[in-house]
1. Return yes or no: is residue 59 over 15 Å from the mean Cα position of the chain (by Cα), without any contact (Cβ under 8 Å) to a residue 24 or more places away in the chain and not in a loop (DSSP other than H, G, I, E, B)?
2. From the residues in the range 62-79 that are loosely packed, with under 12 Cβ neighbours inside 10 Å and not in a loop (DSSP other than H, G, I, E, B), which one is modelled with the highest pLDDT?
3. Would you check if residue 7 is modelled with pLDDT of 90 or more, surrounded by 11 or more Cβ atoms within 10 Å (Cβ to Cβ), in contact with a helix residue (DSSP H, G or I) (Cβ under 7 Å, 6 or more places away or on another chain) and in a loop (DSSP other than H, G, I, E, B)?
4. Check the range 21-28 and report whether any residue there is crowded, with 16+ Cβ neighbours inside 10 Å and in a loop (DSSP other than H, G, I, E, B).
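The values are calculated or read from the model by the stated rules, or taken from the named source; none is laboratory data. Please read these numbers as outputs of a predicted model, since none were measured by experiment. Quick reminder, even Gly has a Cβ in these numbers, built from the backbone with ideal geometry, and neighbours come from all protein chains shown.
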């Protein structure tokens, strides 16, 4: 049985995502795009370091991106 609730907020998942609602799916996409831009700027930046730097920004990071960042950093089943 496939879980039909977002892993973060328990809303209904976006069918194309598999584990996130449409809002968290969009935030995940923006997070990935941001990481690609940071890689261009820094040449090498481990993903976990990127996530920690985002969390250090506090309120400058949107709530949905912060949710995804914390999920990726602390609750991801496999890295």
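1. Yes: the conditions hold for residue 59.
2. 63
3. Yes; evaluated as a whole, the condition is true for this residue.
4. yes
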